[in-house]
Structures are given as structure tokens and as C-alpha cells.
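**Q** Starting off with a structure, shown below.
Read the figures in this text as sums done on the coordinates, not as results from a lab. These figures come from a predicted structure and were not determined experimentally. Because the Cβ atoms are built from the backbone with ideal geometry, glycine has one as well, and the counts that use them run over all protein chains shown.
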Amino acid sequence: MSELAKARARMIARVTTQLPPGTAAEQVAALIERDDTEAAVQALEPDVLFRLIKTAGWDQGVDIVPLASPAQFQSFCDLDVWRRDHFIGSRLDPWLGELVESATDERFQRVCREFDPEILALYVQEGLEVFDVDEGMIPDEAPDRAEMSPDGMFALVYPEDETRAALMRRLFARLYELDRMLAWTLIEAVRYELRTEMEEYAYRWRTSRLEEFGFVARDEALAIYRPIDAEKLRASLDSGAALEGEGDQLVTFPTPPTLDLPRVLRTSLDEDFLILSLLAQIEDDDLLQARLYELSSLTNKAMIADGIEPGEIESGRQVLRRTMGYLSLGLDFLSRESEERAKELLAKRSLRELFRAGYSLASGLQRQARRLLKRPTLTIIDGLRFSLLRDEDATLLDSLLRTRPTYSADMSSHEEFSRQSQIDDAALRLGVVGFKQLWTFGVARVGLEEFAREVYSNETMNTPLDATFDAVFATAVARELIGQDPHPVPLGREELGALLVMLAKLEIGQDATALVPRISNAVAPFLPGAASRLYTDWLDDTLHRLVDELGNVRDLEDAQMVVTQLLLISSS
């Protein structure tokens, strides 16, 4: 383990946690082995217990389910049996099944009584039909599988699914034995209550409870993704004007709560996130605890904003990484890459504000990528958005155009934005893509439809995938090098031969623009000032690739086989 990872591990060890050390399965085993297992389980925060069971796996965690308190059991339902605002009864089956089969009479009755009444009613209504008995007999209109209730007052039709039916029979058997009034209440709910109303009430109560863990209403959660002017904020922070009394202020907690977050963070100890490095350097335990609590709350808001249910553990880990990435990016940018300044901001500014700053930088690049899509085109192939781009640039645009933009350094990687250098690199590459569009369709005046017909015809040697902005530009450069009009018309055999002779003796100096003055002069009006580097870098890269690929080629047939960056006539 690296020194940085060790520092982070020490940081996590300082944070109050309710769980024993070890993996989730080992933590479950340690709880069960205690003499006071029931008290130890019920002392856990409901969301901590839920995540422990889910992370350990049902087979490992199921033994502690019947020991849960009513509040904990309610949280199992809140976190696991909803999809947005819809109750999914089948997801309650394993939790309720374990309660029915294994809980003591006292705990079973308490959970059922203290549980949201609408939840049990929704569950039962989802699979049960109820008929009045006719003089002690099951009425004729009832299905053949109808059964008499334990007290003989109703005819009950359980679900056709035998597993669900067996669970519901056992549920009512225990309810009639321990709490007949509740059994009658559920049966009456099946007969007379409107499902939509019950679901709406249950959802309201669920939302209220989840807010305690940072799972707020989606409208409120989306506020963390509301862009801000990160440049303006940085200037304000630099001047000291915004350090106190403005913006999203530091959240403090008189008694920092116990957290489950450190266990989740352990899976990210080796990630290169600035926020983790800075958290590990906080010496004040209360501040560290408060910051981790704020990180947990922020992550939960991000989950809700992204449409991820609170109980989705694996997706939650991904959101945590993305949250740490945007936080790190915000700190890196606002501190101007100064670690000492970043420490100061972490101590004085809210994580929400730092997160919004980082996200705003990434979303700014996303807007640029979307604008590029609206220009003439980035493709000539149906089903591919970026066939005219290099693979690495196509991957970058794919990353930026995700719902939450990510960064790609090459054609095979996607990673979270977390550093100013990533923003700078992505911005430069977007600028190059934009210039390539401008040169192809503006300066060189390539007609899109004509170009596509040419590539798809039998007149060119290139496949549609070979026809990129780079191939078009390289062809124009090649023509000027051999003394022709630099319009990007595919090269014939004689022209390719002349190019090989030229490349064999070509010396690329510091001012490569002098080699192709006609192209350079045509470009000049479009790129004033520092922007001219977009052109000179592209030209320099193109010339070096032509020399590297073709400078030592003597046989014309070999040249035709290796060239993919030039447009060639098929008959050449």
C-alpha cells in the first residue's frame, strides 16, 4: 500500500464507525458471535445495517434480518422496495419472508404494528382477493383456489405464484394468531382502499424518512448540478470577498453523526482524488467527521438526481467516485492547483459549492461538445456520430456527452474529471476538432454531400472509416507539397509517386507553415492571435505523420497499402 493510501487508511480509522473491522461478511459474523447480538444489531443506524446486509450478500446477511427493530425494518423497505414513486411488492418478499419465518412473536407483532400501514396494505392488495362468505361457505363467484380465512369470515384468494402464496398464507396465519385486528384491517384495505391513494401516502412518508440520510426530493437534489460561474467564484475567492457570508456556506454539526461512509471509501483508497488526500490531512477529528458526513449527504443527493435508487449499492459506489472527482476538480481549479489553498477552501467552504464548481467546468466542456454536433457534421456514416474524427477524439466526445460528463485521455479510457489538467487537455482537443470542422467545410469548402458520394463510390480507395478530417487535410497538404492546388481531391498514382519523392527529401523546420503557404494564407484570417496554434500543431503533426509513414517508402504499391491518412483514387 502506498504512503498516501496508508494516510487515508489512518484517516478512516479516526472516524467513528458503528461496525467492527473486516469485510462485510466478517462484520456480520462478528455481530452474530456477540453475546448481545440483538442489542448490537439494533444499535446500528438503519441505513448502515441495510448496506451491511446488501454488501455481505443475502446468504450471509439474512440471519440478522429478524433481529432488526421496526425502524430498521422500515428502512429496509424504504431503501429497497421502491422504484421512483412506485411500490414494488416482489422486492419486499425476502425481507417479509424472513420476518414471518424467523422473528419472535413479540418482534413480528411490533414490526407489523409500527410498520407503515399503507406498505403492508399495498403488499397484500397486490396479490390477494377477498370475498364475503355465503352462509359459512365460499361463494360460487370466487375462483376454485379460494380458501377460508382462519376465522371463517372471508374467502381469500392467494396469488397464483406458489412462493408468494405460501408467504402470504403464513403472514395471515401469524397475524390471526398474534394480532387479529391488524389482519382484519389489511383485509378491509384490500376490499375498499384505493391503491393510488395508499401508494401516494406511503411515498410521502418514505420521502420524509429518507431526507434524514440526505435522500431529498429529486427537484432539490438536482440543485447540486446547477452550474455556477467557476471563473467568477475563483476570482471572488482570490480577493477574499467570498470567503465569509456568501454562497454555499460550510455545514457544521454540533455532534457529528456516526457514518457508514468510511467502509465505502476503503474501496477507493488508491484512487488519485485530491479530496481524499486533503481529507487525510485534516487533524481535527470533528471537522473530519463533519466533512465525511457532508460527503455522504452530497453523494446521496447525486444518486437521487441521477435517478439511482437509494438501495443500489454498486451504483452508489460509482456515484461516490464521480462525486469525489467533481469535488477534487473544483478544489484543484479554485485553489489554482495550490495544495495549501485547497486545504483552506476545504475548511471554509461547503462541499456542495466545491462540487458545483467542478461540475460546472465539466458541463461547460459538454456544452462545447454539443455545439460541435450542431455544426455541419462530424460523420458521414449512419449510426456513427464521429466517423470524421480520430478514435481518441471520438472517445473524448462520447465521454463528454454522457449525462454526467467524464474525461477520456485516449481511445480506450473513461475516467472521472478530477484535475485541472484534464479540463485543459479536453478544451484544447475540442478546439482542435472545431478548427478541423472549420477548415474542412469553411476554408477548404468541401461539399459534404459531394464528399460522401465520393467516398462511398468505387472511385476512391478509402473506406468511409478512413475518410477523416485528418485524411482530408493531409491530402490538401500533399497536393501543395507537390506544387498543385491544395484542394483535397483524392491523389492519383502519378501524384502519389511525386509525393514519395518529395517526402524522401523533406526537412520539417520550426516554421512548417512555409512549406504550404497557400493553405497557411487561407487559414490566417480565421485564426487570429494565439488560436493560430490550432493550425500549426495540426500541420506539424500531419507533416510528421506523412514523413514517418511514407518518407522511406520506395515502392508505390507499398505506399498504397500503408496510407490511411490520404485520400486516394481507386485506380491509382
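**Q** Which length gain, in nm to one decimal place, applies between residue 90 and residue 135 when the Cα-Cα distance is subtracted from 0.36 nm times their residue separation?
**A** Taking 0.36 nm per residue and subtracting the Cα distance, the gain is 12.7 nm.
**Q** Among [x] 27.6; [y] 33.1; [z] 36.6, which is the computed mean projected area of the Cα convex hull in nm²?
**A** Correct label, based on the coordinates given: [z].
**Q** Could you give the angle, 0 to 90 degrees to the nearest 10, between helix 180-192's Cα long axis and the longest principal axis of the Cα atoms of the chain?
**A** The angle comes out near 50 degrees.
**Q** For the stretch 68-212, which semi-axes, largest first and in whole Å, follow from the square roots of 5 times the eigenvalues of its Cα gyration tensor?
**A** 26, 17, 13
**Q** How many Lys pairs in the chain lie less than 23 angstrom apart by Cα atoms, where the lysines are 8 or more positions apart or on different chains?
**A** Lysine pairs satisfying the spacing and distance rule in the chain number 6.
**Q** Here's a follow-up. What base-10 log of the normalised intensity I(q)/I(0) is obtained for the stretch 444-562 from the Debye formula, alpha carbons as equal point scatterers, at q = 0.23 Å⁻¹?
**A** Cα-only, vacuum Debye calculation for the stretch 444-562: -1.49.
**Q** Can you compute log10 of I(q)/I(0) for the stretch 119-176 with the Debye formula, treating each Cα as one identical point scatterer, at q = 0.15, 0.22, 0.23 Å⁻¹?
**A** Result of the Debye calculation: -0.41, -0.87, -0.94.
**Q** Net charge around residue 158, counting only other residues with Cβ within less than 13 Å of its Cβ (Lys, Arg = +1; Asp, Glu = -1)?
**A** Around residue 158, the charge tally is -3.
**Q** For the ranges 286-295, 408-417, what's the packing order if you count other beta-carbon atoms within 10 Å of each residue, average per peptide, and put the highest first?
**A** Output ranking for 286-295, 408-417: 286-295, 408-417.
**Q** If you don't mind, there's one more thing I want to ask. I need the phi-derived Karplus couplings for the stretch 146-153: 6.51 cos²θ - 1.76 cosθ + 1.60, θ = phi - 60°, integer Hz, Gly and Pro marked x.
**A** 4, 10, 6, 5, x, 9, x, 8
**Q** Looking at 154, 122, 324, which one has the Cα that reaches farthest to the positive end of the dipole of the chain (charges on Cβ: Lys, Arg +1; Asp, Glu -1)?
**A** Most positive-ward Cα: 324.
**Q** May I ask you to order 161-172, 134-145 by the average number of other C-beta atoms within 10 Å around their residues, highest value first?
**A** Packing proxy ranking, top to bottom: 161-172, 134-145.
**Q** What net charge do the residues around residue 522 carry, taking every other residue with its C-beta under 12 Å from that of residue 522, with Lys and Arg at +1 and Asp and Glu at -1?
**A** My count for the surroundings of residue 522 gives 0.
**Q** Which net charge results for the neighbourhood of residue 277, defined as the other residues with beta-carbon distances under 9 angstrom from its beta-carbon, given Lys and Arg at +1 and Asp and Glu at -1?
**A** Every neighbour counted, the sum reads -1.
**Q** Under a point-charge model restricted to the Cβ atoms of Lys and Arg (+1) and Asp and Glu (-1), what is the dipole moment magnitude of the chain relative to its Cα centre, in debye to the nearest 20?
**A** 2260
**Q** Another question, then. Dipole of the stretch 1-142 (Lys/Arg Cβ +1, Asp/Glu Cβ -1, origin at the Cα centre): which of 30, 67, 20 lies farthest to the positive side?
**A** Checked the options; the winner is 20.
**Q** Each residue of the stretch 122-139 in turn: what ³J(HN,Hα) in whole Hz from Karplus with 6.51, -1.76, 1.60 and θ = phi - 60°, glycine and Pro shown as x?
**A** Karplus-based 3J(HN,Hα) across the stretch 122-139 equals 4, 4, 5, 4, 5, x, 10, 10, 10, 10, 6, 6, 10, 6, x, 10, 5, x Hz.
**Q** Next up: About the Cα centre of the stretch 387-439, how large is the charge dipole given +1 on each Lys and Arg Cβ and -1 on each Asp and Glu Cβ? Please answer in debye to the nearest 20.
**A** 200
**Q** Place +1 on the Cβ of every Lys and Arg and -1 on the Cβ of every Asp and Glu in the stretch 444-562, take the dipole about the Cα centre, and give the residue among 508, 547, 497 whose Cα lies farthest towards its positive end.
**A** The one lying farthest along the dipole's positive direction is 508.
**Q** Oh, and also: Can you tell me the dipole magnitude for the stretch 68-212 around its Cα centre, using point charges on the Cβ only (Lys, Arg +1; Asp, Glu -1), in Debye to the nearest 20?
**A** That gives a dipole near 560 debye.
**Q** If each DSSP helix of 4+ residues adds -39,500 (n - 2.57) and the sum is divided by the residues in the chain, what number results at 222 nm, nearest 500 deg cm²/dmol?
**A** Dividing the helical sum by the residues of the chain leaves -18000 deg cm²/dmol.
**Q** Shifting gears a bit: Taking the simple approach of a point 7 Å from Cα along Cα-to-Cβ for both residue 285 and residue 489, what is their distance in nm?
**A** About 8.1 nm separates the two model spin labels.
**Q** Another question about this same structure. Taking R0 as 30 Å, what's the FRET efficiency between residue 238 and residue 318 from their Cβ-Cβ distance, rounded to 0.05?
**A** That gives a FRET efficiency of 0.35.
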